[in-house]
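Working notes, beginning with the structure itself.
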Amino acid sequence: MSLLEVKDLHLDFATMDGPVHALRGVSFSVEAGSMVGIVGESGCGKSASVLAAMRLLPSNAKITGGGISFQGQQLFDLRESQMRELRGNKMAMIFQDPMTALNPVDRISKQLGETVEYHHRSATSAQVRAKVLKMLEAVGVPDVERRADEYPHQWSGGMRQRAVIAMSLMNEPDLIFADEPTASLDATVSAQVLDLLATAQAERGCAIVMISHDLALVSEIADEVLVMYAGQIAERATSAEIFSESRHPYTRALLRARPGWGRREERLFTIAGRPPDMLHPPKACNFVERCTERNGLALCAIEKPELRTVGPSHQAACHRSDELEMMEVAL
Amino acid sequence: MSHPMIKPVDISESRTASSSGEKPEIVVEVKDLKVHIPVRQGLKKGIVQAVDGVSFELVRGHTLGLVGESGCGKSTTARAIMRLQESTGGQVFLNGEDITHASGQHLRKLRKHMQIVFQDPYSALNPRMTVGQIIAEPMRAQGMTKSDIEAKISELLVTVGLQDRHRQAFPHQFSGGQRQRIGTARALSTQPDLLVLDEPVSALDVSVQAQMLNMFSDLQKRFDMAMIFISHDLTVVRHVSDEVAVMYLGRFVETGDVAEVMEHPLHPYTEALISAAPGIRPGRAERITLTGEVPSPINPPSGCRFRKRCWKATEKCLEDPPLAVPEGGGHKVACWHPNTANLAASSTIRLGL
């Protein structure tokens, strides 16, 4: 049994113009202790999938099909009180912006302590404090005795993100969702945070699902990468495979559109057009309008390609996945 | 709406490229530029040394990439050059003229020659103005006639890959990439000699980013401008720039030809930045993870400003580091312990300005 299993998840957002079909049959699983990356552009449904698993979706969201099981429990069957027992305890979340994730009027130590107190009612305040300091130390906060009692605004962005990571680790969760955890950080600091997440996964054995728009960043630390497009999974592969043996034209286009490091190309590869309108999602292949590797195949405009196995740990949703030529991406 | 690629359109006013054999013309020259901003933190008073002694030259048709982490002063440098921020020391020359203290009508005239595209396309455009009005504003400020402006708007929209019918629309009707095109059209409207692009693709998705980068290269070739491209993304800077300047706490720590600097970084900070960028660790080298964060520019460390995070720092680094010039190249580095192993075997480093 996998730690997390998302099965055929369908999700709509109610808007003034009608329902936006944000997720249309998303299935994936996360094994205990693994690191999975979800990659895609704005609006592809990567954050919605994760918020659905945490049951933190906004009120205009409606699950219209499928389910998510975590450690064998069907999450959508749980009462809110049962969900609260899981959140911050068995599963935790790291948000993109650490300033909005922390309460500005509470001391850091208090906020981290709350996570422990909520799930361990019998803990004494001395035990809680010891645990908070230990965790802050573990994520590399210097001078913890003093700094733990400061307020979030006294901490820099990188330190705040460390506090949020420490908070997510407080109760030794089995699964952490990290939604663009380095997006608001500078390059050298974001390298520190990535190292920290990798260490947490390796040493504590918690599974991490990391969301990002940056394929290169995700594949640096993830074992497995899911590429999402228009509310569906376009491709699923190991980090190594996604670079050298991608079998989906969208993934390939994303890789080629990124400026390379090795040689300076005169022109970057571009993806023409824009993602489909999710009010009226396409019946056929999501990517057909923008695909440059269709090769005139009529089927692409008629039938939606199923996500099918193309290798031992590799799946792609493309009618032509077997015919796509190998592509070397110079990084 | 689609993003049609830019087609080469013959524009009579567009300058011919400097291929006619004339020698490169210096558009911008910056000499020891300083921007010190007084601040109060509670009862304490301090001075933020946002930019502290930056010098460079930029010729027509070239792009300078400004790289560094937030707060290093890259945007402030550009804003001081554009006179959107008062400098407190040094000089800025535009087309050979000292514009450091230009004011009033004269400054307004000068603005014709230098334009900027801002990072956030959502806040850079007035939501109550139509696209046509937005693009017309700089031209109105320069006193162009109404009929000239109208003709120019259509031309500019096509230049940046939009359509003439878009002039009646409002910014909210456009995607992030399209808004950035509108901002670019506005900046190009006065045919500037200097175009500053302040993180113009940071807010955009990868696929849109590629379209925009292609557009900027096309525009530069066509209009033969000098460009300053500000970004924290090294791969992007590498793609669009000819030269690069790496900034740290208000100072340039390394400058030179973009390929040379990126492939043979001499400064430890440049090495760390390159190694921190995802997916581009050359040769899959072990990542250099710096400790700590950028210190406050209010009380920057004495001597070399990077020394507190540098694994090579010695007593000597308490003094100011010199700009070292390797023989036979424009590659400069401000470090007492540059990574000379990264230099081509033939060149040696000469210390001193």
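Read-outs throughout are calculated quantities, based only on the coordinates presented, and are distinct from any laboratory measurement. Every value quoted in this text rests on a predicted model; they were computed, and no experiment measured them. In this analysis, Cβ positions are derived from the backbone assuming ideal geometry, glycine residues included, and neighbour counts consider all displayed protein chains.
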Q) In debye to the nearest 20, how big a dipole does region A:1-83 give about its Cα centre with +1 on each Lys and Arg Cβ and -1 on each Asp and Glu Cβ? A) 80 debye
Q. Under a Cβ-Cβ cut-off of 9 Å, what is the net charge of the residues other than A:Ser34 that fall near it, where Lys and Arg count +1 and Asp and Glu count -1?
A. -3
**Q.** Compactness relative to 2.2 N^0.38 Å, alpha carbon Rg of the protein assembly as shown
**A.** 1.01
Q: Write down, largest first, the equivalent ellipsoid semi-axes of region A:184-288 in whole Å, where each equals the square root of 5 times an eigenvalue of the alpha-carbon gyration tensor.
A: 27, 19, 13
Q) Taking chain A as a Gaussian network, where each spring joins two C-alpha atoms under 10 Å apart, which residue of A:Ala178, A:Ala202, A:Ala187 fluctuates the most? A) A:Ala187
Q | Cysteines having no other Cys beta carbon under 4.7 Å from their own, within chain B | A | B:Cys72, B:Cys310, B:Cys335
Q: Please grab the % of Cα pairs in chain A that end up more than 25 Å from each other.
A: 54 percent
Q: Could you list the trypsin sites (Lys or Arg not before Pro) in region A:1-96 that lie in coil according to DSSP, counting only those with at most 10 other Cβ atoms within 10 Å of their Cβ?
A: A:Arg79
Q: Please say if chain B is rounded, prolate or oblate, where rounded means a/c under 1.5 for a ≥ b ≥ c the square roots of the C-alpha gyration tensor eigenvalues, and otherwise the choice is prolate for a/b larger than b/c and oblate otherwise?
A: prolate
Q) Taking the Cα centre of the protein assembly as shown as the origin and placing charges on Cβ (Lys, Arg +1; Asp, Glu -1), which of B:Val39, B:Pro300, B:Leu213 is farthest toward the positive end of the dipole? A) B:Val39
Q) Where is the GNM fluctuation largest for chain A (alpha-carbon springs, 10 angstrom cutoff): A:Glu137, A:Glu266, A:Glu293? A) A:Glu266
Q | Top of A:Asp97, A:Asp179, A:Asp277 by mean-square fluctuation, Gaussian network on chain A, Cα under 10 Å | A | A:Asp277
Q.
For the protein assembly as shown, what does the helix formula give at 222 nm: sum of -39500 (n - 2.57) over DSSP H segments with n ≥ 4, over the residue count, nearest 500 deg cm²/dmol?
A. -8500 deg cm²/dmol
Q.
Among B:His172, A:Val128, B:Val246, whose Cα projects farthest towards the positive end of the dipole of the protein assembly as shown, with charges put on the beta-carbon of Lys, Arg (+1) and Asp, Glu (-1)?
A. B:His172
Q | Unsatisfied cross-links (Cα-Cα over 31 Å) in the set B:Lys221/B:Lys312; B:Lys45/B:Lys74; B:Lys308/B:Lys332; B:Lys112/B:Lys308 | A | B:Lys221/B:Lys312; B:Lys112/B:Lys308
Q. Quick one: of the DSSP bridges fully inside chain A, what percent are antiparallel, nearest 5?
A. 60 percent
**Q.** Eligible lysines near A:Lys131 by straight Cα distance, threshold 18 Å, same-chain separation 8 or greater
**A.** A:Lys90, A:Lys110
Q) Where does helix B:206-223 land angle-wise versus the long Cα axis of chain B, in degrees 0 to 90, nearest 10? A) 80 degrees
Q | B:Lys44 versus A:Ser313: modelled label distance in nm, points set 7 Å from Cα along the beta carbon direction | A | 5.0 nm
Q) Counting other Cβ atoms within 10 Å, which trypsin sites (Lys or Arg not before Pro) in region B:126-164 have at most 14 and lie in a DSSP loop? A) B:Arg128
